[in-house]
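Asker: Can you keep this structure in mind? I'll have questions shortly.
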Amino acid sequence: MKVAFYLKSIILRYTILCALLLMCINTAHANTKNFEQTIKALAFTPIRDNSDTEYSTDKQGNTWLKITVPKKLLNKPLILQFPTIHVNNYCIYVKQKDTWLKIKKNSDLQGGEISPQFQENHFITDQQTIYFKSKDSYVHYGDFILVERGEYRSIMLSTMVKIEVFYSFFLLSIAITLILYSLFKEKVILIYCIYIISVFIIYLIEDGLFYFLSNGQCNELLILAILMPVSCLVFLFFMYHFLEIKKMSTKLKYFCIFQVLLYTVLSALLYKTNNKMYFIIIVNCTLLSTIVILALVLKYFKKDVPARILAYTFSIVAITSMAYYYSVFPGNPFLFFILKDKIRIIYSLAFIVTGCTLWIKAKKLKTDHESLKVAFESLKANQVQKELKNKEVEPVYHFDNKLEISTTIEDFIREKYQCTEREIDVINGIWNGLTNQEIAEKLCITLSTTKQHASNVYIKLNVKNRAQVMMLKDTILRQIMQNK
């Protein structure tokens, strides 16, 4: 009886096992049949002329690629990868022994997990056709790598060499900027260095470093959505100090506040929903605002040659970057030629031009400051020997609560502080509460010339700011009255 019981148990287990096996086979055949029906319903079109890769779009909006595997790669361990962080929601179907299989991402042929620079798939196929399904239209370009596993390392090494050359320009630009700052101690140089570092981090993310370090758990889009507006605002402050604007206008303040609030809200929505639409809006708004700022620089600083050089240079950078992200989102096929390597070259040239411009400007500022300081010391030494006892003072007249400098006060300032006629006009404007822009308009001179006169006035009057110039007004009046 025990033998019969064991036989029945073995038969029952064998029957169940066979049934499960048949179910798996039927399911695999059913899945294969359904998959083949899905493929037949798609109308594939070549990506480019003379291309073996074709693409199509299904009713759900997914992009399909029909990729032809060269005969020499059949039955060999292969790697397929899109070298970008912007293609990360996809799956690959490979036919093995008349069955279509879905390949697991970031795993080797034995099923072990790997940590690549970008998402990649390892597989072996005996068929010349594989299918790629993605929710990203960026794959229209067919910019993927499909090679034998042994050749993949050499391809990555050549790619890394290009990237390292570009990063060398980044690091060299940072080093030169820090040297400039140590020589001239100008705030504008330090702000520019911060801007370079922010761009450097953005490219580290774009090149997959954060994806590699976080083992694919990092939300690169969210980090980019935060860093790109920060980089834009840093660049705005860089141009603000480079142009030597003393006071930020109300409109510019409101513009910056609006930008910060907009990017904060959009970043929060991106974090909450993980919807790429918010990232697209952030990128476009960031780059568009940069282009607008540069256009304003070209409009209002026509005679400032260094400012125009920077504006033209970074306008090209901003427009190219915007075109690149338009090619990624929503995947404009007309912009497929704008690749990261080309943008790297443009950035490298921009950093070289900006470094030379900063060097020239900082050197000029230092030379001007030194010459003005020597001249002021000489004037101050000569002034000790002069006396103002026999000065005739004319009355000071007031019109609309604004001080008008009389002829005697002009003579007093001219003789005691060695001020020129134009510098006296600038002092008059400061005492009347006018801004540099208003003084420039009143005197029909450029803003940069007005700033230069104001700087000379500060040195000659031995003051540091406008408030001290205003306080000096009362001191001069008292001296005149005492002499009288």
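Asker: When you look at Y167, is it assigned to a helix (DSSP H, G or I), in contact (Cβ under 8 Å) with a residue 24 or more places away in the chain and out of contact with any strand residue (DSSP E or B) (no Cβ under 6 Å at 6 or more places or on another chain), yes or no?
Answerer: Working: assigned to a helix (DSSP H, G or I): yes; in contact (Cβ under 8 Å) with a residue 24 or more places away in the chain: yes; out of contact with any strand residue (DSSP E or B) (no Cβ under 6 Å at 6 or more places or on another chain): yes.
The answer is yes for Y167.
Asker: Restricting attention to segment 239-289, and to residues there that are among the polar types (S, T, N, Q) and over 18 Å from the mean Cα position of the chain (by Cα), which single residue is modelled with the highest pLDDT?
Answerer: T273
Asker: Are there any pairs, at least 6 apart or on different chains, whose C-beta atoms fall under 6 Å, with the first in segment 349-369 and open to solvent by less than 40 Å² (accessible area, probe 1.4 Å) and the second part of a helix (DSSP H, G or I) and at pLDDT below 80, and if so, which?
Answerer: Correct list of pairs: A362/F184.
Asker: Given the conditions (1) in contact (Cβ under 8 Å) with a residue 24 or more places away in the chain; (2) acidic (D, E); (3) open to solvent by 50 Å² or more (accessible area, probe 1.4 Å), report the number of the one that D136 does not fulfil.
Answerer: Evaluating D136 over (1) in contact (Cβ under 8 Å) with a residue 24 or more places away in the chain; (2) acidic (D, E); (3) open to solvent by 50 Å² or more (accessible area, probe 1.4 Å) leaves (3) as the failure.
Asker: Now a separate question. Could you list all residues from segment 71-112 that are hydrophobic (A, V, I, L, M, F, W, C), in a strand (DSSP E or B) and free of Cβ contacts under 8 Å to residues at least 40 places away in the same chain?
Answerer: V94, L101, I103, listed by residue number.
Asker: Is it the case that some residue within segment 454-461 is open to solvent by less than 20 Å² (accessible area, probe 1.4 Å), touching a Lys or Arg at 6+ places or on another chain (Cβ under 7 Å) and at pLDDT below 85?
Answerer: no
Asker: Can you tell me how many residues in segment 70-110 are β-branched (V, I, T) and either in contact with a strand residue (DSSP E or B) (Cβ under 6 Å, 6 or more places away or on another chain) or open to solvent by 20 Å² or more (accessible area, probe 1.4 Å) (or both)?
Answerer: Step one: filter segment 70-110 for residues β-branched (V, I, T), giving 79, 84-85, 87, 92, 94, 99, 103.
Among the residues that remain, those that are also either in contact with a strand residue (DSSP E or B) (Cβ under 6 Å, 6 or more places away or on another chain) or open to solvent by 20 Å² or more (accessible area, probe 1.4 Å) (or both) are: 79, 92, 94, 99, 103.
Total satisfying the criteria: 5.
Asker: Among the residues of segment 435-451, count how many are surrounded by fewer than 18 Cβ atoms within 10 Å (Cβ to Cβ) and closer than 19 Å to L243 by Cβ.
Answerer: So the count comes out to 8.
Asker: Within segment 139-158, restricting attention to residues that are within 25 Å of the chain's Cα centre (by Cα) and open to solvent by less than 30 Å² (accessible area, probe 1.4 Å), which residue is modelled with the lowest pLDDT?
Answerer: Y141
Asker: Among (1) farther than 26 Å from D341 by Cα; (2) of a type outside the set (G, A, S); (3) open to solvent by less than 50 Å² (accessible area, probe 1.4 Å); (4) touching a Gly at 6+ places or on another chain (Cβ under 8 Å), there is one condition E186 misses while meeting the rest; what is its number?
Answerer: Among (1) farther than 26 Å from D341 by Cα; (2) of a type outside the set (G, A, S); (3) open to solvent by less than 50 Å² (accessible area, probe 1.4 Å); (4) touching a Gly at 6+ places or on another chain (Cβ under 8 Å), E186 violates only (4).
Asker: Being open to solvent by 40 Å² or more (accessible area, probe 1.4 Å), part of a strand (DSSP E or B) and farther than 19 Å from I145 by Cα is the filter here; which residues of segment 32-57 pass it?
Answerer: T45, T57
Asker: Every residue in segment 342-380 that is at pLDDT below 55 and either under 25 Å from the mean Cα position of the chain (by Cα) or not in a helix (DSSP H, G or I) (or both), please.
Answerer: Matches in segment 342-380: none.
Asker: Which pairs have Cβ atoms under 9 Å, sit 6 or more apart or on different chains, and link a residue in segment 207-221 that is aliphatic (A, V, I, L, M) to one that is not in a helix (DSSP H, G or I)?
Answerer: So the pair list comes out as L209/Q117; L213/S115; L221/I85; L221/H86; L221/N274.
Asker: Something else about it: Can you work out which of the residues in segment 115-128 that are modelled with pLDDT of 85 or more and open to solvent by 40 Å² or more (accessible area, probe 1.4 Å) is farthest from F44 (Cα to Cα)?
Answerer: From segment 115-128, those modelled with pLDDT of 85 or more are 116, 118-128; that's our starting set.
Those still in the list that are open to solvent by 40 Å² or more (accessible area, probe 1.4 Å) too: 124, 126-128.
Details: I124: 24, D126: 22, Q127: 18, Q128: 16 Å.
Selected residue: I124.
Asker: Evaluate the following for K272: is it of a type in the set (D, E, K, R) and more than 29 Å from G355 (Cβ to Cβ)?
Answerer: Details: of a type in the set (D, E, K, R): yes; more than 29 Å from G355 (Cβ to Cβ): yes.
Answer is yes for this residue.
Asker: Kindly indicate which of I309, I282, I293 is in a helix (DSSP H, G or I), in contact with a Ser or Thr (Cβ under 8 Å, 6 or more places away or on another chain) and within 30 Å of E220 (Cβ to Cβ).
Answerer: Among I309, I282, I293, only I282 is in a helix (DSSP H, G or I), in contact with a Ser or Thr (Cβ under 8 Å, 6 or more places away or on another chain) and within 30 Å of E220 (Cβ to Cβ).
Asker: Continuing with the same structure: For the condition assigned to a helix (DSSP H, G or I) and farther than 21 Å from T313 by Cβ, what is the one hit in C218, C256, C193?
Answerer: So the residue among C218, C256, C193 that is assigned to a helix (DSSP H, G or I) and farther than 21 Å from T313 by Cβ is C256.
The values are calculated or read from the model by the stated rules, or taken from the named source; none is laboratory data. Just so it is clear, the model here is predicted, and its values are computed rather than measured. So basically every Cβ, Gly included, is an ideal-geometry build from the backbone, and we count neighbours across all protein chains shown. What goes into the accessible areas is simple: the full protein's heavy atoms, side chains included, and nothing from ligands, DNA or RNA. Shrake-Rupley method; radii C 1.70, N 1.55, O 1.52, S 1.80 Å.
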